Amino acid sequence: MSDASAGRRCRPIVWGVIVVPILAGLLAVVLIADRVAVIHAQDRVAARLEGRGFPAKPRVTIAGFPFLAQLAARRMKKVVISGVGKKLGPVEVKRLDVTVHGMRVSSSQHGRTASRLSGTALVGFAGLAGVSGTPGVTVCADGPDRVKITVGLGAC
């Protein structure tokens, strides 16, 4: 066996020893960059929401992987927002949880649309007192931990 043929057989091993760690390192860098980007985006959205009336910075979670691909496509699969102490009209909400599915961001970065939005709000009985002054709305206790709200739609 010649030295040339032995050298050719060792080349794949040398390439494997050199290329595999480099590719693994690049993959690690991309994964870390993706996680850093999503954490930054979540913090930025939370800060914007806090500036819109939340007394404390809400918790924002952007789901889906990879985040950078979602960002490039300007479409977030799922965004979850949880906050406390938000006043919505005459009602003081103790806790607000909102989930946005399929959010698209316009190219101008000013408009957003969602394919589906769902949420829950925890409102104390005292917080509902502000609604009771609204014409056609009656709020009263209906047993322990229950509230009865009656809305009159008026005559047609």
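Out of the residues in segment 43-83 that are under 16 Å from residue 102 (Cα atoms) and among the polar types (S, T, N, Q), which is nearest to the chain's Cα centre (by Cα)?
Ranking the candidates gives 61 first.
Can residue 27 be described as farther than 16 Å from residue 82 by Cβ, over 13 Å from the mean Cα position of the chain (by Cα) and surrounded by 12 or more Cβ atoms within 10 Å (Cβ to Cβ)?
Values: farther than 16 Å from residue 82 by Cβ: yes; over 13 Å from the mean Cα position of the chain (by Cα): yes; surrounded by 12 or more Cβ atoms within 10 Å (Cβ to Cβ): no.
For residue 27, the condition - farther than 16 Å from residue 82 by Cβ, over 13 Å from the mean Cα position of the chain (by Cα) and surrounded by 12 or more Cβ atoms within 10 Å (Cβ to Cβ) - is not met.
Tally the residues that are in contact with a Gly (Cβ under 6 Å, 6 or more places away or on another chain) and under 18 Å from residue 119 (Cβ atoms), restricting the search to segment 47-77. Steps first, please.
So the first thing to find is which residues in segment 47-77 are in contact with a Gly (Cβ under 6 Å, 6 or more places away or on another chain), and the list is 54-55, 58, 70, 77.
Of the ones still in play, those that are also under 18 Å from residue 119 (Cβ atoms) are 54, 58, 77.
So the count comes out to 3.
Taking the options 131, 151, 137, name whichever one is touching a helix residue (DSSP H, G or I) at 6+ places or on another chain (Cβ under 8 Å), modelled with pLDDT under 75 and over 29 Å from residue 44 (Cβ atoms). Can you show your working first?
On the way: 131 fails: touching a helix residue (DSSP H, G or I) at 6+ places or on another chain (Cβ under 8 Å); 151 fails: touching a helix residue (DSSP H, G or I) at 6+ places or on another chain (Cβ under 8 Å).
Checking each option against the conditions leaves just 137.
The values are calculated or read from the model by the stated rules, or taken from the named source; none is laboratory data. As the structure is a prediction and not an experimental result, all values here were calculated from the model. A quick note on method: Cβ atoms are made from the backbone with ideal geometry, for glycine too, and the neighbour counts reach across all protein chains shown.
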